[in-house]
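Throughout, read-outs are computed from the coordinates displayed, never taken from laboratory work. In this text the structure is predicted, and so the values were computed from the model without any measurement. We place every Cβ from the backbone using ideal geometry, glycine too, and count neighbours over all the protein chains shown.
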Amino acid sequence: MPMITLPDGSKKEFDKPVTVAEVAASIGAGLAKAALAGKVNGKLVDTSHVISDDSDLVIVTGRDPEGLEVIRHSTAHLLAHAVKTLFPKAQVTIGPVIEDGFYYDFSYQEGTFSIEDLARIEEKMHELAAKNIPVVRKEIKREEAIKFFRDLGEIYKAKIIEDIPGSETLTIYEQGDFTDLCRGPHTPTTGALKIFKLMKVAGAYWRGDSNNEMLQRIYGTAWNDKKSLDEYLTRLEEAEKRDHRKIGKHLDLFHLQEEAPGMIFWHPHGWIIYQQIKQYMSQKILQDGYQEIQTPQLVDISLWEKSGHAELFKDDMFIVDTENSQYAIKPMNCPCHIQVFKNGLRSYRDLPIRYAEFSNLHRNEASGAMHGLMRVRQLAQDDAHIFCREDQIQEESYKFIQLLLDVYKDFGFEENLTIRLATRPDKRLGDDALWDHAEKALSESLKHAGLAFEVRPKEGAFYGPKIEFHLKDCIGRMWQCGTLQLDYNMPNRLEAYYIGEDSSKKVPVMLHRAAFGSLERFIGILIEHYAGKFPVWLAPVQAVVLNITDKQTPYVEKVVGFLKNQGIRAKSDLRNEKISYKIREHTLQCVPYLLVVGDREAEANTVSVRTQRGEDLGIHSMEAALALINAEIAKKGRIH
RNA sequence: GCCCAUAUAGCUCAGGCGGUAGAGCACUUCCUUGGUAAGGAAGAGGUCAUCGGUUCGAUUCCGAUUAUGGGCACCA
């Protein structure tokens, strides 16, 4: 007879096997109604699950994270149900839960789902939910399931089952006239689904392979209560206000135009930020033993053939024909850095050699891939290649990771960081033994640095595995910024060598590394991170000096001159406008310091200091105001 | 590259079932010299993305192209 232990430690004994729903009912009517699923000995099950042995049981409701997942999963089914009702010829494929919601992919050859269809589908979903249709779990044999879905004309479902190995028993869920293959669990009835919204339609390849048919994906969100949904929608709206494309326009930082897709026109204020972070990094790596170099933009195709780029990266390269030869605009610096390395005889004593370069790279990105500053066709990386001996890999990797973490702290990125180890891709250079070696070395160095990371199979570069440092944008999309790549192949292909201790020629190992990744992308992330309110060291204009009336004009000019002399990016606003008007304008332009000057200040040689946030820092002498600004500049973007 | 959507003034956006367009902000001029988030008035500003088709007439309807947006695929 099952003895059920509840989370609070209390025990309930039943004289016969019971379902999760029955246990919930025995506790209370409210809980019985709220129960969406159960967790028996840690395993998530339907409320119809029968418990026959002594077990631990948690009744899962919409308030639990698992319950919310069940809601979203069931809402995906409800979406499929509604689509099948309205568009009987659509075929179902997969419908997983994702962050904040779910999606469902359909194959619908007869047409496409429009925004208006979305509204109709959503209405139908509410209708089906209101009917409170029981959701019934059934076990079915693999072969039977294939036949079942084949007969329904659901070819994709049949394919999915065919790929499930062995003869294991599968489960299907029936709700009214709709049946879907699913592992479950699901809500007991469709009535549990009330708070949901379809968000957008998009294309998505069957099985994520661009050689396959493009399916139609419908994204939705679902919540346990109306308040959470509203909060989510507000969060989205707020996040969109931080969009770097919007802020970039508003703050006049850069623009893009049709004649140069994916290439940035940097405006004066944007270029200050760009120069600022570039100079910052330039100094940073100099201290770490790097040497900055500059190599050609246009290099004969023969070098790219030797390096392997022509074979494995050609689609991403811009090729230029001249009368006698073919050149490629460089998409990466590495082959050129190897040329500098080779220009001279290197001893093992010279290693490591660290060459850095910030020059522009061009990559012919797919037209649909471009995205503001985040994904562009012309970019500059804080790129460097470290040539070292096998026994130096560990230390060099560790040193770079420390550099990167230190840099990220200066921008306040401590929580936002996701680290991945991307291993050998299908299209690659070199033999597997080298890849084994390289992958191991990278994962060891991450472990040594005490960093948590996830492994991403097949996502490495064609010449070697890589560590990826990802930062999130305002709506949670992740962008790879920093990277550390270990390359045993390219130095060998391009015949780089050094003289070892035993006087023999040895091939150096090459580390490709960047902390920002592309400056463009990093600035995009920065804009969203700060919502345009840059810390003082990056702010394009650090202080504006404002007069109250014309009378103070000479004094304002004196203050601005003083600040500029001291290296502050200061300017005056002498317009014939009211002070509140000017303050509003510069506040919206995210100028960190507003120095107001009226007769009182002009007479006493002082300024009244107001910050972008609206704080009044009081009256200060010019020197004291300068000290305030400089102290803030020195902090950079550090949180701690 | 693929799917869907979008493209109107410097910016944010209206509008038109076919008769060449409108607001707010910004801009220019004038009045106002005002102490910490919008003072007032007047004026100027558009080949309605590009190219084609239908039509007496297209910014509007149709098609193509380009770019952008959301996804997918690919990648920093």
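Just a few scattered comments:
- Centroid-to-centroid separation of region A:282-326 and region A:570-640 [C-alpha atoms, Å]: 46
- Beta-bridge orientation, region A:3-61: approximately 85 percent antiparallel, per DSSP, counting only bridges with both partners inside.
- Cβ-Cβ FRET estimate between A:Q257 and A:A627, R0 fixed at 56 Å, reported to 0.05: 0.85
- Integer Hz, Karplus 6.51/-1.76/1.60 couplings in order for region A:450-456, x for Gly and Pro: x, 9, 7, 8, 10, 8, 10
- Sites excluded, GluC sites (Glu not before Pro) in DSSP loops with at most 16 other C-beta within 10 Å, longest stretch of chain A: A:1-98
- Where trypsin sites (Lys or Arg not before Pro) fall in DSSP loop in region A:583-629, at most 16 other Cβ within 10 Å: A:R613
- Charge tally in the Cβ shell below 11 Å around A:T189, where Lys, Arg are +1 and Asp, Glu are -1, A:T189 excluded: +2
- Potential extension, A:E238-A:Q402 segment - 0.36 nm per residue separation minus Cα distance: 55.7 nm
- Helical content of chain A, expressed as a calculated mean residue ellipticity at 222 nm, amounts to -11000 deg cm²/dmol (DSSP H runs of 4 or more residues, -39,500 (n - 2.57) each, divided by residue number, nearest 500).
- Ranked A:S167, A:S48, A:S621, criterion: other C-beta atoms within 10 Å, fewest first: A:S167, A:S621, A:S48
- In terms of other Cβ atoms within 10 Å, A:W479, A:W271 run from fewest to most in the order A:W271, A:W479.
- Net charge in the neighbourhood of A:R575 (other residues with Cβ under 11 Å of its Cβ; Lys, Arg +1, Asp, Glu -1) is -2.
- For region A:99-182, trypsin sites (Lys or Arg not before Pro) meeting the loop criterion (DSSP other than H, G, I, E, B) and having at most 15 other Cβ atoms within 10 Å: A:K131, A:K141.
- Order of A:M370, A:M125 - criterion: other Cβ atoms within 10 Å of each residue's Cβ, fewest first: A:M370, A:M125
- Each other residue within a Cβ distance under 12 Å of A:T19 adds +1 if Lys or Arg and -1 if Asp or Glu, for a net charge of 0.
- Coupling constants for region A:314-328 follow from the phi torsions by the Karplus curve (6.51 cos²θ - 1.76 cosθ + 1.60, θ = phi - 60°), and in residue order they are 4, 4, 9, 10, 8, 10, 10, 9, 10, 4, 9, 9, 10, 10, 10 Hz; glycine and proline get x.
- Chymotrypsin sites (Phe, Trp or Tyr not before Pro) restricted to DSSP loop in region A:557-630 with at most 12 other C-beta within 10 Å: none
- Inter-centroid distance (Cα atoms) of region A:1-77 relative to region A:423-475, Å: 42
- Between the Cα long axis of helix A:553-565 and the first principal axis of chain A there is an angle of about 80°, rounded to the nearest 10.
- Cα-only radius of gyration and Dmax that characterise chain A, units Å: 30.8, 94
- Cβ charges +1 (Lys, Arg) and -1 (Asp, Glu), total dipole of chain A, debye: 960
- Fraction of beta bridges assigned by DSSP in chain A that are antiparallel (%, nearest 5): 85
- Karplus 3J(HN,Hα) series, Hz, for region A:623-628 with 6.51 cos²θ - 1.76 cosθ + 1.60 (x for Gly, Pro): 5, 5, 5, 4, 4, 4
- Net dipole in debye of region A:66-240 [+1 Lys, Arg Cβ; -1 Asp, Glu Cβ; about Cα centre; nearest 20]: 420
- Values of log10 I(q)/I(0) for region A:72-114 across q = 0.18, 0.26, 0.31 Å⁻¹ run -0.48, -0.89, -1.10, by the Debye formula with one identical scatterer at each alpha carbon and no solvent.
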